[in-house]
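What follows is one structure encoded as structure tokens, with my remarks underneath.
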Amino acid sequence: MKAKARAADIKKIVENFLISGEVETSGLNYGSGHINDTYCLNNKQPLEPDYLLQRINHHVFKDVLALTDNIYLVLNYLKNKIQHLPHSDLQVLELIPAKNKMLYHKDEDGNYWRMYVFIKGSKSFDIVETEQQAEEGGRAFGQFQALLSDMNASLLSETIVDFHNILFRLDNFTKALKENKAGRAATVQHEVDFILARVAQMRRIYDMGQQGLLPKRITHNDTKFNNILFNQDDKAICIIDLDTVMPGYIAYDFGDAIRTIINTAAEDEADLSKIKLNVPLFEAYTKGYLAEAGKFLTVEEVKSLLLGVFLLPYMQAVRFLTDYLEGDHYFKIAYPEHNLVRTKAQLHLLKQLEEHEAQLLEIISTYSIYQLK
Ligand code: ADP
Ligand code: GN1
Ligand code: MG
């Protein structure tokens, strides 16, 4: 019943976009994102494209116009660059204009919607299956950063201010702990201690940035592996989910990708014994990434990559736990303890990454032109 009502709502939203053909929708959510809502719209006319409709979470992305401008500028820049690349399989997302001539539609309830062409025959992976996929993914994100490395970063707005600033995240965490809005603080002492014991180590990228050792570049900032589309031959063909493309440090992108690649289990695995490191996948991603990004990275940036590998699961745990303490208002949850389960899974992953530090550094050194040790 609910899905039907939703499908009817979506039909009404779709009427506001300049699409070809006629689409149908089940009204069911597509993909596994924690913030926006995504719907796949199949075209009844087989020669016309399918579409992907998204409701942008405007509680998280407060300036949808600035966000859309960022995406538009980046897509155009990439499109121009890719046209001049020999033998590239890469595609860029194509935004569908709304009838109001904007690239989004605001409905009467104040929700913001946008539409992309659905890239035919593509797939994404929540969990990486093969080394080929990991290496391809590394190449794709490396190339994404490389292609944008000469774009003027000041053209882009910060869609979420301090998004990957760990001091800001820890500040919010400490506040949430003190305020204890959901009455859960007493139950998470073990996780709190684990987090607080690592503050000095985890602020190192921030400090390197402050000391002028790391340049701000245009980065993706949500390099979960499922934000790469693959074709049926497992070739990476498109980087998606561009809401957080803005100036940042490259180690954030590397670390967030590794967070989702090296983990043999899901981000929210409740059985911690299933969370293990798949080091060959780490090596494959690093190889692909440095084959592309190695062309422009400085030695300090390459040194920062491993710091990013530790920082991103840590920051993710801090963010999940903050949300748990505040009563789950940010990330979508499927059950009451979901954010706590996610926190424990990220911290478990981090512990194992720490135990393998020397091995991971060795691998990064192997594929870097710089002497790292
Ligand atoms: P979210 O912010 O919710 O993660 P995404 O933009 O990543 O939203 O989209 C969710 C999923 O939808 C992706 O993981 C991917 O599988 C699929 N997807 C997104 N954009 C496209 C597209 N243009 N063509 C085909 N599939 C897409
Ligand atoms: C959110 O929307 P989604 O699922 O791609 C979050 C990311 C987190 C991720 C954790 C805007 O991304 O920062 O890394 O969940 N996006 C935002 O899975 O907060
Ligand atoms: Mg996504």
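Every read-out reported here was derived from the displayed coordinates using simple, explicitly stated rules and does not represent laboratory data. Just so it is clear, the structure is predicted and the values come from calculations on it, not from any experiment. Cβ: placed from backbone, ideal geometry, glycine included. Neighbour counts: every protein chain shown.
For a label point 7 angstrom out from the Cα of Thr298 toward its Cβ, which stretches of the stretch 150-174 have the backbone nitrogen within less than 16 Å?
Counting backbone N atoms under 16 Å from the label point, the list is 150, 153.
Ignoring solvent entirely, what values of log10 I(q)/I(0) come out of the Debye formula for the stretch 7-117 at 0.11, 0.12, 0.13, 0.21 Å⁻¹ when each Cα is a single scatterer?
So the normalised log intensities work out to -0.38, -0.45, -0.53, -1.24.
Just list whichever of Lys81/Lys123; Lys11/Lys123; Lys62/Lys332; Lys123/Lys216 have alpha carbons separated by over 27 Å in the model shown.
Those over the limit are Lys123/Lys216.
Determine, for Phe230, Phe225, the number of other Cβ atoms within 10 Å of each Cβ, and report the residues in order from fewest to most.
Phe230, Phe225
Spin-label point model (7 Å from Cα, Cβ direction): what's the Ala291 to Phe168 distance in nm?
Here the answer is 3.5 nm between the modelled labels.
Find the centroid of the Cα atoms in the stretch 135-166 and in the stretch 96-129, then give the distance between the two in whole Å.
Each part reduced to its Cα centre gives a spacing of 20 Å.
Under the 0.36 nm per residue contour assumption, what length would be gained going from the current alpha-carbon distance of Val192 and Asp126 to full extension?
Answer, rounded to one decimal: 21.0 nm.
Report P(r) for the stretch 210-345: all Cα-Cα distances, bin width 5 Å, range 0 to the bin holding the largest distance, values in whole percent.
Computed distribution, short to long bins: 2, 9, 16, 21, 20, 15, 10, 5, 1, 0.
Run through every distinct alpha carbon pair of the chain and return the Kirkwood hydrodynamic radius in angstroms, one decimal place.
21.6
Label point 7 Å out from Ser32 along Cα-to-Cβ: which residues of the stretch 251-288 have amide N under 17 Å?
The answer is 256-278, whose backbone nitrogens lie closer than 17 Å to the label point.
State the extension gain, in nm to one decimal, for the chain segment bounded by Lys99 and Tyr72, taking 0.36 nm per residue of separation less the distance between their alpha-carbons.
Taking Lys99 through Tyr72 to full extension adds about 8.0 nm, to one decimal.
With a 10 Å Cβ neighbour count serving as the proxy for reagent exposure, in which order, fewest first, do Glu136, Glu362, Glu355 appear?
Glu355, Glu362, Glu136
What value in Å³ per residue do you get for the convex hull of the alpha-carbon atoms in the stretch 129-225?
169
Where the centroid of each part is defined by its Cα atoms, how far is the stretch 306-326 from the stretch 245-297 in Å?
Going from one Cα centre to the other spans 15 Å.
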